[in-house]
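Okay, structure first, notes after.
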Amino acid sequence: MSHTQCFAALLCTMLLSGAVNAQTYPNRPLRMMVAVGAGGGTDVTARIVSQKLAEQLGVPVVVENRPGAGTVIGTEIVAKSAPDGYTLMTASPEISINPSLQAKLPYDTLKEITTITQLTTGQYFLSTHPSVPVKNVKDLIALAKARPGRVTYGSSGSGSANHMGGVLFQSMTGTSLVHVPYKSAGQSATALMSGETDFMISSTTAAMTPIKTGRLRAIAVTGSRRLALTPEIPTVAESGVPGFELTGWYMMLAPAGVPREIIARLNSELVKAVHTPQVKERFAALGTEPVGNSAEACGEFLRAEIAKWTKVVRASGAKAD
């Protein structure tokens, strides 16, 4: 057999085994990585989606929390996992912030990770502890200017979206704020509710319940328009910081190199899952909306988000704590 014939035979075998793998996929449990601790928006979203995906695929989908290093630890596990479609990751804006914030990542975000679909879009609440003497954003800015270097804001860790939201708020208001990083969104929310910190920019997913029960006071939302669930709460932009906008999202990722047929299957199942009435209802109660776009459109969105955050990080001079 000639070299050309050998190569052709090998190529055929590879293509056939890929097709067979895709046909039998999945035949064992899937692992869904969450690179932050339990209780935050990423974790809640992952658990909602994993439950529906498991129903549809007929195999368990196990959520695994691996927090640390501003989501780098969990993300690296995914980037280095076998590209067989059995390791997934529910990611939030941190995946797009880290390339410019962290001095050296142990993976190349765009080369070692592939997008499956954007799950949701949403925004954040700017909320304070009820004892903080502010009723709106102008009051908060005035308080921060009266107490430079003494007003604190919590986050789910250095490089998190709520950390960078605070950096953006500080740079656009000319204030001097103190960042207090925690290990998870759940921990930072608990700290705010106990009065350890003054305010926080937190995902609607994590903050909706404590706001409704009066444990937190929401003074603004961070998107370009008011939230349908809380129309009485103004945007930061209309409250004296024109141009301020911070949107949140969650997307499903996998290691680069997963066969296209498996990515297509996962995309189809996830799009179906996020648009089922019960999942849409759960998202709506948390202030988020389903997206469910193509893997390619999600990839373009991720590249655009990395470019956007690179500008913010450079302009602010922010560094991972």
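Bear in mind these aren't lab numbers, they're just calculated from the coordinates by the rules spelled out. Since we're looking at a predicted model, the values are computed, not measured. Using ideal geometry, Cβ is built from the backbone for each residue, glycine included, and neighbour counts are taken over all protein chains shown.
Under the 0.36 nm per residue contour assumption, what length would be gained going from the current alpha-carbon distance of T247 and N136 to full extension?
Result for the pair: 38.0 nm of gain on full extension.
Once the convex hull of the C-alpha atoms of the chain is built, how many Å³ does it hold per residue, rounded to a whole number? Could the numbers behind the result be given before it?
Values: hull volume 40.9 nm³, N = 321.
In the chain, the Cα hull volume divided by residue count equals 127 Å³.
GluC sites (Glu not before Pro) within region 212-245: which are DSSP loop residues with at most 15 other Cβ atoms inside 10 Å?
E232, E245
Quick one: work out Rg over Rh on the C-alpha atoms of region 47-140, Rh as Kirkwood radius.
1.08
By how many nm would the segment from L110 to A22 lengthen if fully extended, with 0.36 nm per residue of separation less the alpha-carbon distance?
On the way: separation 88, 0.36 × 88 = 31.68 nm, distance 2.38 nm.
Net length gain for the segment: 29.3 nm.
Using alpha carbons only, how many angstrom separate the centre of region 279-298 from the centre of region 212-257?
Each part reduced to its Cα centre gives a spacing of 15 Å.
I need the fraction of alpha carbon pairs in region 194-321 separated by more than 17 Å, rounded to a whole percent.
Details: 5659 of 8128 pairs.
So the portion of pairs separated by more than 17 Å is 70 percent.
Tell me which lysines have Cα within less than 27 Å of K135's Cα, excluding those fewer than 8 residues away on the same chain?
Once the sequence-local lysines are set aside, what remains near K135 is K145, K212.
Quote the relative contact order of the chain in percent (integer), defining contacts as alpha-carbon pairs under 8 Å separated by 6+ residues.
Relative contact order for the chain comes out at 26 percent.
For region 123-239, what Kirkwood radius comes out of the mean inverse Cα-Cα distance, in Å?
Result for region 123-239 stands at 13.8 Å.
Using alpha carbons only, how many angstrom separate the centre of region 76-147 from the centre of region 153-175?
11 Å
Using a 10 angstrom cutoff on alpha carbons, build the Gaussian network for the chain and name the most mobile of G122, G154, G39.
Between G122, G154, G39, it is G39 that shows the largest mean-square fluctuation.
So if each residue of separation counts as 0.36 nm, and I subtract the Cα-Cα distance between R314 and V62, what length gain in nm does that give?
87.0 nm
Going through region 156-249, which trypsin sites (Lys or Arg not before Pro) have at most 12 other Cβ atoms within 10 Å and a DSSP loop state? Intermediate values should be presented prior to the final figure.
Details: sites: K183, K212, R215, R217, R225, R226; in loops: K183, R215, R225, R226.
Filter output for region 156-249: R225.
Rounded to the nearest whole Å³, what is the per residue volume of the convex hull around the Cα atoms of region 217-262?
Details: hull volume 6.6 nm³, N = 46.
Here the figure is 144 Å³ per residue.
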